[in-house]
Amino acid sequence: MDAAPQSTIARLFDAMADEYDVLEPWYEHLYARVHAILVAHLAPRPFVGSRARALDAGCGHGAQTALLRALGYETHGVDIAARLLALARTRAPDVALARADLTALPYGDARFDAVSCAGSTLSFVAEPDRALRELARVLRPGGRLLLECEHKWSFDLAWTLASALSHDAIGYHVPLATFARAMRAPLHASIALPYPGYGTLTLFSGRDLRRRLAAVGLRWERAWGIHALTNVIPSTILHRPRLPRPLAGLYRVLRRLDAAFSGAAPARAFANSLVVLAVRA
């Protein structure tokens with residue numbers, strides 16, 4: 001099972017555009033952590049000759065695009081969803097935005113000093129290796145990529161199994177036979193599983209992602225895990241406009257702990273989202 005065709009993904013996200021700025025509790029924590037990491041680790045380095053350039057690959061509604069611009073980059077953004085690009089233009093009107101697929105970026109080689117690819121964009125791409133080659137191609141030597149994608153070994157994998165065994169009591173909508181087929185893959189291989197409302201996603205293991213990055217000339221520098229501790233609550237429960245008060249209080253505590261330990265090995269091992277800083281060799 002592979003990720004959905006890109007035309008299907010474009011329609012999916014275009015349909016979400018009207019509510020894309022309304023962050024559910026799950027995304028509120030995810031983007032708070034991604035943005036903190038981006039600001040801390042993608043700030044422009046001293047540069048001679050011209051202004052540093054950055055690309056937001058899979059820019060969505062432009063939140064990371066605006067952050068890159070605020071850091072001082074000459075910023076560009078691409079996305080496959082036209083309606084999301086329209087939102088990004090309102091958030092970052094002075095940024096060069098283009099509708100494009102990650103597997104065929106409309107830029108020359110070694111164009112950018114930094115690339116951000118968040119929002120689990122790579123997990124939606126049917127040909128992730130081709131997309132990684134493109135991200136590496138447009139980075140200059142020494143350029144940095146900040147990549148956030150869906151992680152295989154998370155509590156959500158266990159919740160998916162629990163839902164399948166309990167006649168979908170938790171709402172993951174994955175039949176047991178589908179789960180079993182995916183898990184026949186080798187232990188360190190990435191797998192593809194459907195998720196409610198999002199189609200089929202690629203869940204990358206850390207080992208497999210490191211191998212894929214190395215194959216295109218990107219050196220893994222460091223990584224963080226997001227939604228490790230918070231994922232003791234099933235993600236299907238956190239994908240809603242608001243939480244009941246007792247659960248919201250627990251979630252606030254779990255968010256603080258998750259943020260504090262996001263760089264630790266256990267968090268990276270069991271996080272739902274894996275964030276990797278890689279450098280083009």
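Near the amide H of Leu201, within less than 5 Å, lie the amide hydrogens of Leu193, Tyr195, all on another chain or at least 5 residues away, with H placed in the peptide plane. Of all beta bridges that DSSP places with both ends in the chain, some 55 percent have antiparallel geometry. Working from Cα pairs under 8 Å separated by at least six residues, relative contact order for the chain is 21 percent.
Given their separation in residues at 0.36 nm each and the Cα-Cα distance between them, Glu221 and Val39 gain 63.9 nm when the chain is fully extended.
Modelled this way, with points 7 Å down the Cα-to-C-beta line, the labels at Arg130 and Ala260 are 4.6 nm from one another.
Across all directions, the shadow cast by the convex hull of the chain built on its C-alpha atoms averages 14.1 square nanometres. Each peptide in 64-73, 136-145 receives the mean, over its residues, of other Cβ atoms within 10 Å, and ordering these scores from highest gives 64-73, 136-145. Our coupling estimate for the stretch 133-146, obtained by passing each phi through the Karplus curve with A = 6.51, B = -1.76, C = 1.60 and θ = phi - 60°, is 4, 5, 4, 5, 4, 7, 7, 6, x, x, x, 10, 10, 10 Hz, Gly and Pro reported as x. Amide H contacts for Ala96 (H built 1.01 Å from N in the peptide plane; partners 5 or more residues away or on another chain; cut-off under 5 Å): Thr75, Gly77.
Here, each number is a calculation from the coordinates, and none is a lab measurement. Source: prediction; values computed, not measured. Every residue, glycine as well, gets a Cβ built from its backbone with ideal geometry; the counts of neighbours run over all protein chains shown.
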